[in-house]
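Worksheet: one structure, shown below.
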Amino acid sequence: QVQLVESGGGLVQAGDSLRLSCAASGRIFSTNAMGWFRQAPGKEREFVAAQTWGGSTHYADSVKGRFTISMDNVKNTVHLQMNSLKPEDTAIYYCAARSGSWSVGWENNFPYWGQGTQVTVSS
């Protein structure tokens, strides 16, 4: 099992920045990437960004150029730097750990999830 704990959410204004963090513990060696997802009220959960332990990254089109994912391989933490936030970025943000085949693509095969952290962007 892999345990994930997010932190860093909050209430900000449009145009502000926010940094989310996720601490991973447990059988981290069984994972091949870490990612962030989000779920807005009344909407399905959507992929935001992911990074492999080797440093490759993948972003949703809606956050490219504004969000940056990074990982600290020593501390087993993953961060999501969110700049130029918009009201439509308001959601619960979830950290997730990936494992298994890459044949299903970047946005699938995330069996481990954190509890989520709320991000609210006011206009």
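The residues listed here are Gln118, Gln39; of these, the one that is at pLDDT 95 or above and touching a Gly at 6+ places or on another chain (Cβ under 7 Å) is Gln118. Just so you know, in region 88-114 the residues that are assigned to a strand (DSSP E or B) and not hydroxyl-bearing (Ser, Thr, Tyr) include one that is farthest from Trp53 (Cα to Cα), and it is Ala91. Within region 88-123, the set of residues being closer than 28 Å to Gln1 by Cβ, open to solvent by less than 30 Å² (accessible area, probe 1.4 Å), over 11 Å from the mean Cα position of the chain (by Cα) and not aliphatic (A, V, I, L, M) comprises Arg98, Ser99, Gly105, Phe110. Taken over region 12-32, the criterion of being of a type in the set (Lys, Arg) and either at pLDDT 95 or above or in a helix (DSSP H, G or I) (or both) is satisfied by Arg19 alone. The combined condition, being surrounded by fewer than 17 Cβ atoms within 10 Å (Cβ to Cβ), free of Cβ contacts under 8 Å to residues at least 60 places away in the same chain and over 14 Å from Gly116 (Cβ atoms), is fulfilled by Phe29.
Consider region 16-43. How many of its residues are among the charged types (D, E, K, R) and more than 27 Å from Lys86 (Cα to Cα)?
Within region 16-43, the first condition is being among the charged types (D, E, K, R), and the residues that meet it are 16, 19, 27, 38, 43.
With more than 27 Å from Lys86 (Cα to Cα) added as a condition, the list becomes 27.
Residues that pass the stated criteria total 1.
Could you list, in sequence order, the residues of region 48-77 that are touching a residue at least 40 places away in the same chain (Cβ under 8 Å), among the polar types (S, T, N, Q) and assigned to a strand (DSSP E or B)? Within region 48-77, Thr77 is the sole residue that qualifies.
A single member of Leu80, Leu85, Leu4 is part of a loop (DSSP other than H, G, I, E, B), crowded, with 18+ Cβ neighbours inside 10 Å and not β-branched (Val, Ile, Thr), and it is Leu85.
The values are calculated or read from the model by the stated rules, or taken from the named source; none is laboratory data. For clarity, every value in this text was computed on a predicted model and none was experimentally measured. Here the Cβ is made from the backbone with ideal geometry for all residues, glycine too, and neighbour counts use every protein chain on show. Areas reflect the complete protein model, heavy atoms only, side chains present, ligands, DNA and RNA absent. Shrake-Rupley method; radii C 1.70, N 1.55, O 1.52, S 1.80 Å.
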